[in-house]
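J.: One structure is given below, represented as structure tokens, and several questions about it will come after.
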Amino acid sequence: MPQIKLEGLSRYYRTGAETIKALHNISLTIESGEFVAIVGPSGSGKSTLMNIIGCMDRSTAGEYQINGDAVDALSSDRLAQIRNSTIGFVFQSFHLLSRLTALRNTELPLIYSGTPKRERQKRASEALEKVGLKGRSHHLPTQLSGGQQQRVAIARAMVTQPKLLLADEPTGALDTHTGEEIMSLLRELNKGGVTVILITHEAEVAAYARRRLEFRDGQLITDSALSSQQ
Amino acid sequence: MKSRDLIATAATALKANPLRSILTTLGIVIGCGSVIAMAAIGAGAEARITEMIDRMGSNLIMVLPGSGISRGASMGGESKQSLTQRDVDGIREEAQYVAQISGSISSSVQIIAAGKNWRTRTSGVEKGYLAINKWVIELGREISEEEYALGRKVVVLGASVSKNIFDDQDPIGSTVRINRIPFTVIGVLEAKGQGFGGRDLDDETFVPLKTMRQRLAGKKRGRSGHIQRMHIEASSAETLTETEREVEQILRRLHEIKEGDKDDFRIRNLAQMVTTRTDTIRTMTLLLASVAAISLLVGGIGIMNIMLVTVTERTREIGLRMALGAKRSQIRWQFLTESVILSLSGGTIGVGLGFGASYFLQGIDFIEIIHQPRAIGLAVLVSMGVGIVFGFYPAHRASLMTPVEALRSD
Ligand SMILES: Nc1ncnc2c1ncn2[C@@H]1O[C@H](COP(=O)(O)OP(=O)(O)OP(=O)(O)O)[C@@H](O)[C@H]1O
Ligand SMILES: [Mg+2]
């Protein structure tokens, strides 16, 4: 059973009289453990697809199955639970809560899974250690560099040990060198068995992946395997 | 999600905007403060009534002249002189339930003695009056039967009068001039303290009724045989109603009032009289109650307003929390917890201020304060309720957001 399966999936936005076909008739499957890069020009529907795969948005037509479950049939509570335990998100703009320390930001998903405090802190510390921020647990986001903030976000995404990591332009706000560090982190995670799907505009970043999906005007135009060069 | 995490999350959010949080709770602070003060004043008034009745006797009945409405024109409280000595004697003879009765006439007088000058009130009374009204002799003796009968010029002083004229000296046997007529002081009464409205109950003097008529009441009033009021002690507190009915029947017969016509006198028992006197305090309590209600309403709306702002400001945070796995119900609880903490802390501050205000009000003469710890519970419950009621809508709105749209907003 594929981890992700889309069949004839479409997502339309209706703005006034116009209908924007952000995604149109997409069919694809992604197996567990893959490293997929989604590329395409701005407005081609990459983020829209990512949001649907991440169970944050619903399709207009077609079907989406995650681990064999038809997402359309699931309740909003069940979707929240899937986002909490099965999926980790990394965003271009980090999305850390500015009032909370790195540790408490990392803990957030565990609060919603009802993990006891002691256990939560232990796992959050471990996650921060894995991304190389052991000494920064008690720093606020404003006291961290962009690269460090994105690492906290990755630690937060991984703290529940999800099987799927979704990253929407994770290096978009970082310089080349820091971007490379973040990408090596993601590659490490992928090697550990986590499926990684990432959106990018940069060819060097896409090169980390082993499969490339190219979108244009809401349609999947090429789906190609890459020889992993690094 | 555990309640401890909810509270910690809410506290962090509120601490981010301390001034705003405090200002928001102002209405709740005032509302809960009023609840506390109101309870203390209400309880004080109640205690005052009970104490008053105890001090004056719960089986005291007073008969006053009718309100004197003749042809629709009110002639004022006691202008109609419908009560006479004959009525007093009649009741004394016939009534079964009456233990003691005394008529009285009072008048404002000038007392001069020992080079001092004092304006007070003197009442001409009959035997039994002092006992009916729970007056106790502290120094000297009561007016004797002979002095009552012969209308002797003797006077019993209230504690304040004695204090003001004689200071700490023993006044027994001294001569005082009441409206220039010499009287011998034979007794001083034990102090009763303050009555309602801060009136000094001990600023009184008593002489035999007959003396009053002949010497002090003035010719017209003195000779006419009219009296101002009757003081009656019912044989027991339980038969108060029967006593009142009996007195009414006798007086109606003596006054030849026809069946269906109105009484030309008024019968009051002490409980009724004291209750009328507490009207001021009742008004005050009512005022505080409305202040409390309005403040709580305004405070609640303030909380709702600030929570709506908060939810809008933190849309992205809501989206993020949802992306990380927060259920709708958990988001709702988070914001509801915030509004309840907000209103509860307002309530707590209000309780403190309410007690403070009660202490301050204690300084005012006619207000008695009894602190009511039970009101704390009420204030806490009320403020919590306000937080829940007015926080629900903003919290519900937060929970209805969809994660993508919330995350995209800035
Ligand atoms: N909420 C919305 N309402 C209306 N149209 C929308 C909405 N969200 C996205 N769209 C439209 O859908 C299309 C695809 O948007 P999407 O965000 O998926 O693009 P993208 O490929 O991620 O672009 P970028 O590389 O700039 O992030 C765009 O034309 C966009 O304008
Ligand atoms: Mg995008």
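The values are calculated or read from the model by the stated rules, or taken from the named source; none is laboratory data. All figures in this text were calculated on a predicted structure; none of them were measured in a lab. For neighbour counting, all protein chains shown are included, and Cβ atoms are generated from backbone atoms with ideal geometry for every residue, glycine included. Just so you know, the surface numbers come from the protein's heavy atoms only, side chains and all, with ligands and any DNA or RNA stripped out. Shrake-Rupley method; radii C 1.70, N 1.55, O 1.52, S 1.80 Å.
J.: Can you tell me which residue among B:Ala357, B:Ala406, B:Ala395 is modelled with pLDDT under 90, closer than 24 Å to B:Ser21 by Cβ and either out of contact with any Ser or Thr (no Cβ under 8 Å at 6 or more places or on another chain) or in a helix (DSSP H, G or I) (or both)?
T.: The unique qualifying residue is B:Ala357.
J.: Restricting to segment A:80-98, give me the number of residues that are open to solvent by less than 10 Å² (accessible area, probe 1.4 Å) and over 20 Å from A:Leu49 (Cα atoms).
T.: The qualifying residues number 0.
J.: Applying the selection to segment B:302-347, what residues are of a type in the set (Ser, Thr, Tyr), in contact (Cβ under 8 Å) with a residue 40 or more places away in the chain and either within 24 Å of B:Val404 (Cβ to Cβ) or open to solvent by 30 Å² or more (accessible area, probe 1.4 Å) (or both)?
T.: B:Thr310, B:Thr315, B:Ser329, B:Ser345, listed by residue number.
J.: Search segment A:101-121 for residues being out of contact with any helix residue (DSSP H, G or I) (no Cβ under 7 Å at 6 or more places or on another chain) and under 24 Å from A:Ala173 (Cα atoms), and hand back the single one that is farthest from the other protein chains (Cβ to nearest Cβ).
T.: So, considering only residues that are out of contact with any helix residue (DSSP H, G or I) (no Cβ under 7 Å at 6 or more places or on another chain) and under 24 Å from A:Ala173 (Cα atoms), the one farthest from the other protein chains (Cβ to nearest Cβ) is A:Thr101.
J.: Inside segment A:33-48, can you point out the residues that are out of contact with any helix residue (DSSP H, G or I) (no Cβ under 7 Å at 6 or more places or on another chain) and within 16 Å of ligand 2 (Cβ to nearest atom)?
T.: Those that are out of contact with any helix residue (DSSP H, G or I) (no Cβ under 7 Å at 6 or more places or on another chain) and within 16 Å of ligand 2 (Cβ to nearest atom): A:Val36, A:Pro41, A:Ser42, A:Gly43, A:Ser44, A:Gly45, A:Lys46, A:Ser47, A:Thr48.
J.: Can you tell me which residue within segment A:49-88, out of those that are in contact (Cβ under 8 Å) with a residue 60 or more places away in the chain and in a helix (DSSP H, G or I), is farthest from ligand 2 (Cβ to nearest atom)?
T.: Only one residue tops the list, namely A:Ser85.
J.: Moving on to the next point. Among the residues that make up segment A:131-139, is at least one of them at the interface with chain B (Cβ under 10 Å from one of its Cβ atoms) and β-branched (Val, Ile, Thr)?
T.: No, every residue in segment A:131-139 fails to be at the interface with chain B (Cβ under 10 Å from one of its Cβ atoms) and β-branched (Val, Ile, Thr).
J.: Out of A:Ile38, A:Ile26, A:Ile82, which single residue is out of contact with any His (no Cβ under 9 Å at 6 or more places or on another chain), within 14 Å of another protein chain (Cβ to nearest Cβ) and not polar (S, T, N, Q)?
T.: Just one listed residue meets the conditions, A:Ile82.
J.: Here is a further query. When you check A:Ala153 against the structure, is it touching a residue at least 24 places away in the same chain (Cβ under 8 Å), over 25 Å from A:Ile53 (Cβ atoms) and within 13 Å of another protein chain (Cβ to nearest Cβ), yes or no?
T.: So A:Ala153 does not fit the description; no.
J.: On the given criteria, is B:Arg374 touching a helix residue (DSSP H, G or I) at 6+ places or on another chain (Cβ under 8 Å) and surrounded by fewer than 17 Cβ atoms within 10 Å (Cβ to Cβ)?
T.: The answer is yes for B:Arg374.
J.: Please indicate, with yes or no, whether at least one residue in segment B:80-89 is modelled with pLDDT of 85 or more, open to solvent by 10 Å² or more (accessible area, probe 1.4 Å) and within 14 Å of chain A (Cβ to nearest Cβ).
T.: no
Residue-by-condition table, conditions (1) away from chain A (no Cβ under 13 Å); (2) farther than 19 Å from A:Asn105 by Cβ; (3) surrounded by fewer than 21 Cβ atoms within 10 Å (Cβ to Cβ); (4) β-branched (Val, Ile, Thr):
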{"residue": "B:Thr12", "(1), (2), (3), (4)": "no, no, yes, yes"}
{"residue": "B:Lys15", "(1), (2), (3), (4)": "no, no, yes, no"}
{"residue": "B:Arg20", "(1), (2), (3), (4)": "yes, yes, yes, no"}
{"residue": "B:Val35", "(1), (2), (3), (4)": "yes, yes, no, yes"}
{"residue": "B:Ala40", "(1), (2), (3), (4)": "yes, yes, no, no"}
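J.: Also, quick follow-up: Which condition number in (1) surrounded by fewer than 21 Cβ atoms within 10 Å (Cβ to Cβ); (2) within 12 Å of another protein chain (Cβ to nearest Cβ); (3) under 15 Å from A:Leu165 (Cβ atoms); (4) more than 16 Å from ligand 1 (Cβ to nearest atom) is the one that A:Asp77 fails?
T.: All conditions pass for A:Asp77, except number (3).
J.: Consider segment B:51-71. How many of its residues are modelled with pLDDT of 75 or more and either farther than 20 Å from B:Leu83 by Cα or open to solvent by 10 Å² or more (accessible area, probe 1.4 Å) (or both)?
T.: 3
J.: Quick check on B:Leu254: is it among the aliphatic types (A, V, I, L, M) and at pLDDT below 95?
T.: Criteria met by B:Leu254.
J.: Just one of (1) at pLDDT below 95; (2) touching a strand residue (DSSP E or B) at 6+ places or on another chain (Cβ under 9 Å); (3) more than 16 Å from ligand 2 (Cβ to nearest atom) trips up A:Gln92, so point out which.
T.: Of the numbered conditions (1) at pLDDT below 95; (2) touching a strand residue (DSSP E or B) at 6+ places or on another chain (Cβ under 9 Å); (3) more than 16 Å from ligand 2 (Cβ to nearest atom), the odd one out for A:Gln92 is (3).
J.: Output the residue which, of all residues in segment A:196-215 that are within 14 Å of ligand 2 (Cβ to nearest atom) and not aliphatic (A, V, I, L, M), is most open to solvent (accessible area, probe 1.4 Å).
T.: A:His201
J.: For segment B:311-336, name all the residues that are hydroxyl-bearing (Ser, Thr, Tyr) and away from chain A (no Cβ under 13 Å).
T.: The one that is hydroxyl-bearing (Ser, Thr, Tyr) and away from chain A (no Cβ under 13 Å): B:Thr312.
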